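The values are calculated or read from the model by the stated rules, or taken from the named source; none is laboratory data. Everything numeric in this text was worked out from a predicted model, so none of it was measured. Cβ atoms come from the backbone with ideal geometry, glycine included; neighbour counts cover every protein chain shown. Note: accessible area is taken over every heavy atom of the protein model, side chains too, but ligands, DNA and RNA are not part of it. Shrake-Rupley method; radii C 1.70, N 1.55, O 1.52, S 1.80 Å.
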Amino acid sequence: MTTSTLFKSFNPSSASWYPDGWDDSIKFGNNLRFSYPGSELSDSTKTMKKNDIFVVLPGKNFSLPDLIEKIKAASPSALLIDNKFERISKKEFSQNNLVFYKNLKNQIGFIASGFYKNPSEDLDIVAVTGTDGKTSVVNMLAAAVAKTSTKTAAIGSLGVVVYQENGQKKTLKIYSDIGLTTPSPVVIQNIFSFLRKHKVEKVFLEASSIGITEKRLLGTKIGSALFTSLGHDHLDYHGSIEQLAFAKAELFAHPNLRKIVFTKKKSSDLPELRIIHNVIKKSKAKKICVDSVGIGELEKTKNELDILLKELDSSMAGTKVCLFSKNLDSQEFIVNIFGPHNLQNLSLVAGYLLETIEFENLPDLLKTLKTPIGRFELIISKNFPVVCVDYAHTPGALDVTLKTLRKILDSPDGNLICVFGCGGNRDKAKRSYMGKIASEKSNWGIITADNPRYESLEVITSQIFVGISSDLKKNWTIINDRENAIATAIKQAKAQDIILVAGKGHESTQEINGNFINFSDREVVTRILSGSK
């Protein structure tokens, strides 16, 4: 099937969210809870507790024999297994605690929802998808709504974070080992149940393209959906930008959607973006279109938009902006947010809030918000270069972050320095692009380890280095040890320089050959700047 034929035949519908038998699966989950009243559902051998009902879902990481060996030592109260593994399972386990279900992978979300008494029915779920910006949007939205009305939660790369109405927030440690942007259907229904029990009313959720493709959100009633951007990421999984767009577009076919907030399509956007916009157009949900423009850019389309955020000026102190809604203008105000990508994220936040907060009150709320930890986080220490820690791990994100830092360099003699790497066993095609972008946008830099996982670090760094043109290669070095690379950059930089440490952002570990080593860019930078290295 050709690409154009694929595009024409792509027509997601409510059936993709409610496959045949979904209502029976919910009833089955209810009955399972009744049969095992003291048990919880678990699908991870790492977190499984005694007396849990273990959901057996072999995949690329664990085969059925692998799971069998791990399960035997954990003493689950029951095993929930797909019918196709019935013969093998009965050989290995007592039949008394085996429960079988047909097409388990595609029905487990509904089973888990029924098991936990359909928690998403009692929560207002807002899902955010896009290549970049998901974490920033869900956490800024959760913080904003908590300040104005009710207790909220954000679920995604930072774990599960609950935002209180008094402005305080708390990361739930019980869900700190999820390890996925969008949790599995078993875990996510458990989280929803916990949040409902603790009086959370609104939940903002990162919906990754992989999470959507792997059906992790089936069984979840989603009321609103937001779209941030489409860029080059996870192509090792999806195979092409078009397939990535198909995955993200699925979210906007959810039949329960009441509202969609999305960014305006620009001429510079990837052509595959039309796949997502076409699905949005077909939705019956209310649509809110937003955009942001940079300094000096024209506002020809502001009357076509529900929200436009215009950048007026930027410095280390923040970004001066002006907010527009159709023909309404707001006063100028300063936000502690930097860069066109983050301003676009802020415009999505404003678009979502537009129905519940008077337009004239939006600036006072928006200027209290900031991006989450590890997202364009400036670490400033006297007599040292400014260090920006950012999660930028895609070509598009790295490009826009470096452009923004170049713009806020205070000194004409200041250099922009970049320290970054690429993850192992992931999208290899982006490595040379990122080398090209980093070398063209920075004065000099260091290529280092990100999360090499099981891949050779030398192979990863060499593939990045290929993207650097021959005349710029002299400005770049390879230092495999990430802490040493960061320390070297800070030591060699001048006080008027800016250093970008990119790729890991909020992460507190580094994955090398299956081992997770404690490592935080933020902590390393702070320690070096304090002189305690």
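Just for the stretch 328-340: of the residues that are closer than 13 Å to Met140 by Cβ and outside any loop (DSSP other than H, G, I, E, B), which one is least open to solvent (accessible area, probe 1.4 Å)? Per the criteria, the residue is Val335.
Check the stretch 349-370 and report whether any residue there is touching a Gly at 6+ places or on another chain (Cβ under 9 Å), buried (at least 18 other Cβ atoms within 10 Å of the Cβ) and in contact (Cβ under 8 Å) with a residue 24 or more places away in the chain. Scanning the stretch 349-370, I find no residue that is touching a Gly at 6+ places or on another chain (Cβ under 9 Å), buried (at least 18 other Cβ atoms within 10 Å of the Cβ) and in contact (Cβ under 8 Å) with a residue 24 or more places away in the chain, so the answer is no. Of the helices (runs of 4 or more DSSP H) lying entirely inside the stretch 141-246, the ones with 2 or more residues being open to solvent by less than 10 Å² (accessible area, probe 1.4 Å) are found at 185-197, 209-213. When the criteria are applied in full, Asp471 meets the requirement of being at pLDDT 95 or above and open to solvent by 40 Å² or more (accessible area, probe 1.4 Å). Sort out which residues of the stretch 137-150 are modelled with pLDDT of 95 or more and in contact with a Leu (Cβ under 9 Å, 6 or more places away or on another chain), and write them in order of number. Of everything in the stretch 137-150, those that are modelled with pLDDT of 95 or more and in contact with a Leu (Cβ under 9 Å, 6 or more places away or on another chain) turn out to be Val137, Val138, Asn139, Met140, Leu141, Ala143, Ala144, Val145.
In the stretch 124-153, the residues that are without any contact (Cβ under 8 Å) to a residue 60 or more places away in the chain and closer than 24 Å to Pro395 by Cβ never reach a residue that is open to solvent by less than 10 Å² (accessible area, probe 1.4 Å) and not in a strand (DSSP E or B) with C-beta atoms less than 8 angstrom apart, at least six apart or across chains. Going by the conditions given, is Thr448 of a type in the set (S, T, N, Q), surrounded by 23 or more Cβ atoms within 10 Å (Cβ to Cβ) and modelled with pLDDT of 95 or more? Yes: the conditions hold for Thr448. Looking at the structure I just gave you, is Lys491 closer than 13 Å to Val387 by Cβ and open to solvent by 20 Å² or more (accessible area, probe 1.4 Å)? So Lys491 passes the test. Scanning the stretch 472-481 turns up at least one residue that is within 27 Å of the chain's Cα centre (by Cα) and either within 21 Å of Asn383 (Cβ to Cβ) or free of Cβ contacts under 8 Å to residues at least 60 places away in the same chain (or both). Selection over the stretch 163-187 of residues that are over 17 Å from the mean Cα position of the chain (by Cα) and farther than 18 Å from Ser208 by Cα gives a count of 11. Candidates in the stretch 1-45 are the residues that are in a loop (DSSP other than H, G, I, E, B), modelled with pLDDT of 75 or more and aromatic (Phe, Trp, Tyr); of these, the one that is least open to solvent (accessible area, probe 1.4 Å) is Trp17. Suppose the filter is out of contact with any Asp or Glu (no Cβ under 9 Å at 6 or more places or on another chain) and open to solvent by less than 10 Å² (accessible area, probe 1.4 Å); does Leu378 pass it? No, not satisfied.
Conditions tested, residue by residue: (1) under 29 Å from Ser469 (Cα atoms); (2) in contact with a Ser or Thr (Cβ under 6 Å, 6 or more places away or on another chain); (3) open to solvent by 30 Å² or more (accessible area, probe 1.4 Å).
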{"residue": "Gly374", "(1), (2), (3)": "no, no, no"}
{"residue": "Ala397", "(1), (2), (3)": "yes, no, no"}
{"residue": "Arg406", "(1), (2), (3)": "yes, no, yes"}
{"residue": "Ala429", "(1), (2), (3)": "yes, no, yes"}
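Within the stretch 515-533, the residues that satisfy the criterion of being surrounded by fewer than 17 Cβ atoms within 10 Å (Cβ to Cβ) and either touching a Lys or Arg at 6+ places or on another chain (Cβ under 8 Å) or part of a helix (DSSP H, G or I) (or both) are Glu523, Thr526, Arg527, Lys533. Residues that are outside any loop (DSSP other than H, G, I, E, B), under 16 Å from Val203 (Cβ atoms) and of a type in the set (Lys, Arg) within the stretch 247-271 comprise just one, Lys259. Candidates are the residues of the stretch 431-445 that are open to solvent by 10 Å² or more (accessible area, probe 1.4 Å) and of a type in the set (A, V, I, L, M, F, W, C); the one that is nearest to the chain's Cα centre (by Cα) is Ile437. Here Gln510 meets each of (1) open to solvent by less than 20 Å² (accessible area, probe 1.4 Å); (2) in a helix (DSSP H, G or I) with one exception, condition (2).
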